[in-house]
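See structure below.
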Amino acid sequence: MYEKEYTPTHLRFAPWLIGIMTGYIIINCKTKMSKAQARTGWAVYFAILSLLISSTFYLNSRNAPNNIYLNAAYNGLSSSLWVVCLGWIIFACEMGHAGVVRKFLSWPLFQPFSRITYTMYLVGPILQFGSVAVRRSVLAMNAMEIYKNLAGEILLILVIVPMYSMFFEAPFIQINKMMMHQGSKKIPQSDESNKKYDHIVDNNNLELDTVK
């Protein structure tokens, strides 16, 4: 089930496409969103979020029925609906209808972490799978063991990720910037921008006397 319904790359196409469409809409949106539209959007957001959370707890509970249609709907739509919720938060922030949410997400403390989140996403599963592969004893499934393992994984990720980002991600970012700027022609300066100043007299304030 894990190999067929979670790991294949094509199963990430719908969330990826929703993210691309969200960015396109934000960049090309020319009209302002009204308060009524914003309230409707937030209402739909909380409805979808409540449905996702409740269905996750329900389908993973011990007493949940093995309904093939319900499981198929959840597996097929949960990732896309989750991305829709994230896309709405970003869209509302950019449109100025997020209030406290925008202030919280714009907190300067998040900026250094935002630069390594993708690397954390790549490194995290490697450490998780590695810890499972080398385990030689049965794991006791209790809250204390889970929190202890989670804290250890987070600490290892935070130690490894900066080095990984420095040696692998940062060089490719610089190469990409060089490739994007390579071959770009310098914009010729107009006659207006080529005007030179004869002289500038400085008497505490800069005074422009004559311009050619």
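Cβ-Cβ distance of residue 58 and residue 127, R₀ of 41 Å, FRET efficiency by 1/(1 + (r/R0)^6): the value works out to about 0.85.
Looking at the chain as a GNM with Cα springs under 10 Å, which of 80, 114, 137 has the largest mean-square fluctuation? Taking springs between Cα atoms under 10 Å, the residue moving most is 137. Charge dipole (Cα centre; +1 on Lys/Arg Cβ, -1 on Asp/Glu Cβ; no other charges) of the chain amounts to roughly 480 debye. Under the rule a/c < 1.5 gives rounded, and otherwise a/b versus b/c splits prolate from oblate, where does region 4-102 land using the Cα gyration tensor? In terms of gyration-tensor shape, oblate. Of 162, 65, 108, the residue with the greatest mean-square motion in the GNM of the chain, using alpha carbon springs below 10 Å, is 65. Pick out, from 92, 129, 26, the residue whose Cα sits farthest towards the positive end of the charge dipole of the chain, with +1 on the Cβ of Lys and Arg and -1 on the Cβ of Asp and Glu. The listed residue farthest towards the positive side: 129.
When Cα extents along the principal axes in Å is computed from the coordinates, the matching label among [x] 86, 49, 37; [y] 48, 42, 31; [z] 58, 41, 37 is [x]. Helix-only mean residue ellipticity at 222 nm, the chain, DSSP H runs n ≥ 4 weighted -39,500 (n - 2.57), per residue, nearest 500. What is it? Mean residue ellipticity at 222 nm (helix-derived): -21000 deg cm²/dmol.
A straight chain from residue 11 to residue 179 at 0.36 nm per residue would run longer than the Cα-Cα distance by 57.4 nm.
Among 180, 166, 95, which one shows the highest mean-square fluctuation when the chain is modelled as a Gaussian network with alpha-carbon springs under 10 Å? Judging by the Gaussian network model, the answer is 180. Principal-axis analysis of the Cα atoms of the chain puts helix 13-28 at an angle of about 30° to the longest axis.
The residues of the chain expose on average 84 square angstrom of accessible surface per residue, using a 1.4 Å probe on protein heavy atoms.
Here the accessible area is traced with a 1.4 Å probe on the protein chains. For the chain, carbon and sulfur cover 66 percent of it. With a simple spin-label model that places each label point 7 Å from the Cα along the Cα-to-Cβ direction, the separation between residue 114 and residue 141 comes to 3.8 nm.
The values are calculated or read from the model by the stated rules, or taken from the named source; none is laboratory data. Remember, it's a predicted structure, so these values are computed and weren't measured experimentally. No Cβ is skipped: glycine too gets one built from the backbone with ideal geometry, and neighbour counts run over all protein chains shown. With ligands, DNA and RNA removed, areas are computed over all heavy atoms of the protein, side chains included. Shrake-Rupley method; radii C 1.70, N 1.55, O 1.52, S 1.80 Å.
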